[in-house]
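Every read-out reported here was derived from the displayed coordinates using simple, explicitly stated rules and does not represent laboratory data. As the structure is a prediction and not an experimental result, all values here were calculated from the model. So basically every Cβ, Gly included, is an ideal-geometry build from the backbone, and we count neighbours across all protein chains shown.
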Protein chains: 2
Amino acid sequence: MPGAPERAVGVIGLGAMGLGVARSLLRAGFETLGCDVRPEALAALESDGGTGCADPAALGPRCGILIVLVVNQAQVEEVLFGPSGAVPTLGRGSVVIACATVPPSYAAALGGRLRERGILMLDAPVSGGAAKAASGRMTMMTSGPPEAYAPCEGVLGAVAGHVYRLGPGHGLGSQVKVINQLLAGVHIAAMAEALALGIRQGVDLDALYEVITHSAGNSWMFENRAPHVLAGDYTSLSAVDLFVKDLGIVLDAAREAGLPLTLSAAAHRMFLKASGEGHGREDDSAVIKVFPGVDLPGPKGT
Amino acid sequence: MPGAPERAVGVIGLGAMGLGVARSLLRAGFETLGCDVRPEALAALESDGGTGCADPAALGPRCGILIVLVVNQAQVEEVLFGPSGAVPTLGRGSVVIACATVPPSYAAALGGRLRERGILMLDAPVSGGAAKAASGRMTMMTSGPPEAYAPCEGVLGAVAGHVYRLGPGHGLGSQVKVINQLLAGVHIAAMAEALALGIRQGVDLDALYEVITHSAGNSWMFENRAPHVLAGDYTSLSAVDLFVKDLGIVLDAAREAGLPLTLSAAAHRMFLKASGEGHGREDDSAVIKVFPGVDLPGPKGT
């Protein structure tokens, strides 16, 4: 197969995004290995023709490219450098594609730490959600040296619909992802304020949705998340706690930059409050539950 | 001409929006009268075939439909009920199409006050900006009784690309417009935070714009306003002071509803700060000038 790496591709973290990526790789004909702490995730991978491994260290010797799709910086550290981490077993010249949303300064430092061990890295946060991961059409915001891209072209083409290439420096991809999360988080919180006000005023929510999505007040998040509130369905596609984390990264980056970001801070407090009130694992649109006395639509059919 | 009113159409307020509306009416064959405090606005109307009038009172006897496109509640009061206001001279059965963004409670009360004098009203805030007004493709968020719509169908069709009909009650149109302004104002301020952070981190702004406009962080306002910042062009299309006013209306409505809207309040403070620092009449994207130590792109060609 043209563009295929000589060795297998590993995926660490077989959650909603990682399992979709692994399946996209299998569909494209790549030998695909994966690991996850949850046995059911390994079983799902194996039922689709992949190979489950016990831990990241077991992936290292067999993979030329390792896609890391865990949730946060602490998990990246664990799966790469922990007691069963992949780095000690990865061969020189291997490439780590680092997809977690992490502080840009951490991504930059990680690239240096891997280089010291002869391992290449792409800083490659992803966007688009589980459905796009499953269909191989994620958006990737990548940066890294040309020699890290070269062996990955086939893999990137299999898992992503669009790969933005933001420059040779590690951290550039993460900077853009963090700014995307700033906007996404604030827009979800703004959607919550808008719908809460509409509900308290007795506005017809379906009409409001129709008008806003055709007006200057629209956002990708309003269009995508307001229907969850209107349907009373907070099944988690992307959870409240994800924005507790990501807006926390935004605020850390802003502090490093000496910038007071009051909207981001206000949105972060709203997600923190929602999480503190027990909604952390619900869909991020559940941030609307922080408003007192707002009679939210119930689930359809009840 | 089918659907034309028996008498002329009047436009009060020939600013960027009102002049566009008057020209759309003229193009559609309506006899069109207008008034504005600025003589140059009257001259512009007359050069296109309309008739300039000295004051709103002069419009009343000649117009069956009066479109009020002034900026705020105080101006609506002045042009309708002030010493030279239109209401005393308007015939019974005339229709006032009230387009200013005003508190929903004011719009509701205004409908009642006009009805007492035998005058019909459409609560009809508009959206879309000067370009869409000029081409007769504004969006209108309307409410009012069927008998107020009936004589206006031809006029609405001439000036608007889309007319949302939100119910018989005055105030419904204004409620939806105010919620649109909540989102629009917060999204502009969020755009400013995102670009400020990007600039301080040294992100390539053109690449950032390309990624965000194809990602979940996108908004109508980011897509439309970020180019003003990137081009260093703060020529006012919609001014900072408009959002000082409109987010003020949002917060008043929220207070009436007993809702703490922290994002809207934070965005309002950003626009207030920008206005206080002398940027009130610049384009609303100039809200980004509130951030300290952010080296904004200069105008192109300098």
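Things to note:
- Once you reduce the range A:224-248 and the range A:121-140 to the center of their Cα atoms, the two points are 18 Å from each other.
- In this label model, B:ARG115 and A:ASP233 are separated by 4.0 nm, measuring between points 7 Å along each Cα→Cβ vector.
- Whole-percent pair-distance distribution, where bins are 10 Å wide, for the alpha carbons of chain B: 6, 27, 32, 22, 11, 3, 0
- Considering only B:LEU80, B:GLY217, B:LEU259, and ranking their Cα positions along the charge dipole of chain B that arises from unit charges at the beta-carbon of Lys, Arg, Asp and Glu, the one farthest toward the positive end is B:LEU80.
- If you plug the beta carbon distance of A:VAL37 and A:THR213 into 1/(1 + (r/R0)^6) with R0 = 35 Å, you get a FRET efficiency near 0.30.
- Take every Cα pair under 8 Å whose residues are at least 6 apart in sequence, average their separation, divide by the length of chain A, and the relative contact order is 14 percent.
- Dipole check for the protein assembly as shown: with +1 at the C-beta of Lys and Arg, -1 at the C-beta of Asp and Glu, and the Cα centre as origin, the magnitude is about 40 Debye.
- Relative intensity of the protein assembly as shown on a log10 scale, I(q)/I(0) at q = 0.05, 0.09 Å⁻¹, equals -0.27, -0.75, per a Debye sum over C-alpha point scatterers of equal strength in the absence of solvent.
- Restricting the range B:102-208 to GluC sites (Glu not before Pro) that sit in a DSSP loop and have at most 13 other Cβ atoms within 10 Å of their own Cβ leaves B:GLU116.
- Hits among lysines - C-alpha to C-alpha of A:LYS177 under 30 Å, sequence gap 8 or more where chains match: A:LYS132, A:LYS245, A:LYS273, A:LYS289, B:LYS273, B:LYS289, B:LYS300
- 20 Å cut-off, amide nitrogen to a point 7 angstrom out along A:LEU296 Cα→Cβ, residues in the range A:191-211: A:191-210
- With semi-axes defined as the square roots of five times the eigenvalues of the C-alpha gyration tensor, the equivalent ellipsoid of the range B:134-232 measures 38, 15, 9 Å, largest first.
- Per-residue [θ]222 nm for the protein assembly as shown (sum of -39500 (n - 2.57) over DSSP H runs n ≥ 4, rounded to 500): -14500 deg cm²/dmol
- Figure legend: label point modelled 7 angstrom from the Cα of B:GLU256 along Cα→Cβ; residues of the range A:185-214 with amide N under 19 Å from it are A:193-205, A:208.
- Fraction of the pair-distance distribution of the range A:175-290 above 25 Å, Cα-Cα pairs, percent: 21 percent
- Label-point spacing for B:SER135 across the identical copies (point 7 Å from Cα in the Cβ direction), in nm and ascending order: 3.0.
- The distance from the alpha carbon centre of the range B:48-98 to that of the range A:21-99 is 71 Å, rounded to a whole number.
- Count Lys and Arg as plus one, Asp and Glu as minus one, and take only other residues whose Cβ is under 10 Å from that of A:ALA239; the net charge is then -2.
- Only Cα pairs under 8 Å and 6+ residues apart enter the sum, and on that basis the relative contact order of the range B:175-290 stands at 36 percent.
- Prolate/oblate/rounded label for the range B:222-269 (Cα gyration tensor, a/c 1.5): prolate
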